[in-house]
1. Within the stretch 100-131, track down each residue that is open to solvent by less than 30 Å² (accessible area, probe 1.4 Å), not in a loop (DSSP other than H, G, I, E, B) and not small (Gly, Ala, Ser).
2. Out of the stretch 150-180, which residues are open to solvent by less than 60 Å² (accessible area, probe 1.4 Å) and out of contact with any Leu (no Cβ under 9 Å at 6 or more places or on another chain)?
3. Being open to solvent by less than 50 Å² (accessible area, probe 1.4 Å) and either more than 33 Å from the chain's Cα centre (by Cα) or β-branched (Val, Ile, Thr) (or both) is the filter here; which residues of the stretch 34-52 pass it?
4. Which residues, taken from the stretch 275-290, are part of a strand (DSSP E or B), under 25 Å from Ala376 (Cα atoms) and of a type in the set (Gly, Ala, Ser)?
5. Among the candidates Leu213, Leu208, Leu196, which residue alone is open to solvent by 20 Å² or more (accessible area, probe 1.4 Å), under 30 Å from the mean Cα position of the chain (by Cα) and not small (Gly, Ala, Ser)?
6. Glu363 - would you say it is part of a strand (DSSP E or B) and either modelled with pLDDT under 95 or open to solvent by 20 Å² or more (accessible area, probe 1.4 Å) (or both)?
7. Answer with yes or no whether Glu272 is over 24 Å from Val219 (Cβ atoms), outside any loop (DSSP other than H, G, I, E, B) and of a type in the set (Asp, Glu).
8. Which residue is farthest from the chain's Cα centre (by Cα), if the candidates are limited to the stretch 223-243 and must be closer than 29 Å to Arg37 by Cα and buried (at least 16 other Cβ atoms within 10 Å of the Cβ)?
Amino acid sequence: MSTATSLISVDEAQRIVLERAKRLDAERVPIERAAGRVLAEPAAALVDLPPFPSSAMDGYAVRAADTETPPVRLPVVAHIAAGSPAERSLGAGEAMAISTGGSVPDGADAVVPLEQVDEGDEEIEVSATVALAANVRPRAGDVSTGDVFLEPGARLGPAQVAALAAAGISEVQCTKRPRVGILVTGSELRQPGEALGPGQIYESNGLLLATALQLAGAVPAQLGVVADDADEHERAMERALLGFDMLVTSGGASVGPHDLVRSTQSKLRVEELFWGVTVKPGKPVAFGVRRDHLVFNLPGNPVSVLVTYELFVRPAVNALLGVHDPLPELRNGILGSAIRRNPHRDEYVRARMRRDGDEVLLEPLPGRESHMIASAARADALVRVQAGSDELSVGDEIRYIALA
């Protein structure tokens, strides 16, 4: 166990985490179960998209040259629906009715929309010249066979899964989802629904972490609450370190007589890489490794858990998944009310976002104490307030992390 007690910066802590968080192996996943997964290999189209020239709207397939001297009358010689191509080519001086998505027949090089023709019983009148290739989606206009359209590290949302399906791909290689054990410490903790005794509180950090990890693409497992007992700590942590890619603990990581996490992990040969970061809330956050297993020790206050999860744990999950840029995205916004800086630590303040024209206005919420999780429930952003001795004013430009 490291004996150093000096705090390190958020940037340095994130660098240390990402040095040790290596992408997991891949597995084949059917695309119908790929939502939220992260691609582990390039995705290349198996067919041209579109696979044939198709009509962009309901109308009539024609030869553009036949409309050069309008008005012209053209006989309608066939009707084309999506999935039912014409049985012959389009001849000179002819037209074929065509539905949106229908295959433009050989010989045709344009589609004139319904709104631009006068329809008769068996013919149409075109009153304006039709441009070459008008309203025709060319073959491979989206992507050609063999072209890569998604790179490794892409997270698969609705558009990505639809693109895979349209390109003829039924299975993809995705990074395995990290398995994360969650261990909450504290003899005072009880489960919601139980009666509280003197000095007891309801446990919420386990569910906070499980929810956040699942949304990030991990497979969380809540391992229960461990009482403030050294032997129980050791047994619970040993089991967790054997069964998961990552262990996240909550509570017991400070310097009090009942904070047993650090000493227990030292017995279990967890290499401590940092303990203490210049951040508020969340200063006593720690990170270590045992072989390939990542170990995070988060504070016990729930808002500290929220902040340190976003700054350190989520980036580790992203790195294990192979996401391109695993660090939190810091966006630009405008401060809606004044905030006094902390002289020693960067602070992440809960806030509400709202649009003000083209800008995002961030309104800090009242109550900055790290135990106030009910107040934090209204937040959809964390405003980064860098350390300093002055005050940020209304209208100042700031950086923030959007909360999912």
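1. Scanning the stretch 100-131 gives Val111, Val112, Pro113, Val117, Ile124, Val126.
2. Within the stretch 150-180, Gly157, Val161, Ala162, Ala165 meet the criteria.
3. Answer for the stretch 34-52, where residues must be open to solvent by less than 50 Å² (accessible area, probe 1.4 Å) and either more than 33 Å from the chain's Cα centre (by Cα) or β-branched (Val, Ile, Thr) (or both): just Val38.
4. Within the stretch 275-290, just Ala286 meets the criteria.
5. Result of the check over Leu213, Leu208, Leu196: Leu208.
6. Working: part of a strand (DSSP E or B): yes; either modelled with pLDDT under 95 or open to solvent by 20 Å² or more (accessible area, probe 1.4 Å) (or both): yes.
Here the answer is yes, as Glu363 does meet what is asked.
7. When the stated conditions are applied, Glu272 passes them.
8. Filtering the stretch 223-243 for residues closer than 29 Å to Arg37 by Cα gives 223-224, 237, 239-243.
Right, trim to buried (at least 16 other Cβ atoms within 10 Å of the Cβ) and you get 223, 237, 240-241.
Numbers: Leu223: 26, Met237: 30, Ala240: 27, Leu241: 27 Å.
Per the criteria, the residue is Met237.
The values are calculated or read from the model by the stated rules, or taken from the named source; none is laboratory data. In this text, all values refer to a predicted model and were calculated from it rather than measured experimentally. Ideal geometry is used to build each Cβ from the backbone, glycine not excepted, and the neighbour counts take in all protein chains shown. Just the protein is used for accessible areas: all its heavy atoms, side chains included, with ligands, DNA and RNA removed. Shrake-Rupley method; radii C 1.70, N 1.55, O 1.52, S 1.80 Å.
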